[in-house]
Amino acid sequence: MKVLHTTLAAAIAAGALLSAPAQADEALAKKHNCFACHMVDKKSVGPAYQEIAKKYKGQNVNAKLEEKVKKGGSGVWGQVPMAPNATVPDADIKKLVAWILAM
């Protein structure tokens, strides 16, 4: 019985560790007001994060998307341009893009 409790506790701890980065990056998206234009699972002003992940699955596009987040852009997801996010630190943009592409 003690082994079962230890195994269960380890599994719970591992799950908490694996979900912590996702929660942290969601908090980062909230901090930088990304949810004003994007949602995780539905289109809003901009595309859903899950749609972005699906479109770029298996592609090495991190640097391209990081630049687009920083400088803004248009034409890929429709006529509404993405505003630049010049004040968001590069390290935060890297984390956000990695979080989105991992969905």
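The rows are residues; the columns are (1) surrounded by 16 or more Cβ atoms within 10 Å (Cβ to Cβ); (2) within 21 Å of Ala102 (Cβ to Cβ).
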{"site": "Ile52", "(1), (2)": "yes, yes"}
{"site": "Lys55", "(1), (2)": "no, yes"}
{"site": "Val69", "(1), (2)": "yes, yes"}
{"site": "Gly72", "(1), (2)": "no, no"}
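Are any residues in the range 57-99 acidic (Asp, Glu) and touching a Leu at 6+ places or on another chain (Cβ under 8 Å), and if so, which ones?
Asp92
Picking from Val45, Val61, Val69, which residue would you name as being touching a strand residue (DSSP E or B) at 6+ places or on another chain (Cβ under 8 Å) and among the β-branched types (Val, Ile, Thr)?
Checking each option against the conditions leaves just Val69.
For the range 70-103, give me each residue that is in a helix (DSSP H, G or I), within 14 Å of the chain's Cα centre (by Cα) and under 17 Å from Tyr49 (Cα atoms).
Those that are in a helix (DSSP H, G or I), within 14 Å of the chain's Cα centre (by Cα) and under 17 Å from Tyr49 (Cα atoms): Asp92, Ile93, Lys94, Lys95, Leu96, Val97, Ala98, Trp99, Ile100, Leu101.
State yes or no: is Gln23 on the phi < 0 side of the Ramachandran plot, surrounded by fewer than 13 Cβ atoms within 10 Å (Cβ to Cβ) and either modelled with pLDDT of 95 or more or out of contact with any Gly (no Cβ under 7 Å at 6 or more places or on another chain) (or both)?
yes
In the range 42-53, how many residues are without any contact (Cβ under 8 Å) to a residue 40 or more places away in the chain and part of a helix (DSSP H, G or I)?
Residues that pass the stated criteria total 1.
Hey, among the residues in the range 78-95 that are out of contact with any Ser or Thr (no Cβ under 6 Å at 6 or more places or on another chain) and more than 15 Å from Glu66 (Cβ to Cβ), which one's surrounded by the fewest Cβ atoms within 10 Å (Cβ to Cβ)?
Gln79
Tally up the residues in the range 82-93 that are closer than 13 Å to Ala24 by Cβ and either touching an Asp or Glu at 6+ places or on another chain (Cβ under 8 Å) or of a type outside the set (Gly, Ala, Ser) (or both), please.
1
The values are calculated or read from the model by the stated rules, or taken from the named source; none is laboratory data. Source: prediction; values computed, not measured. We place every Cβ from the backbone using ideal geometry, glycine too, and count neighbours over all the protein chains shown.
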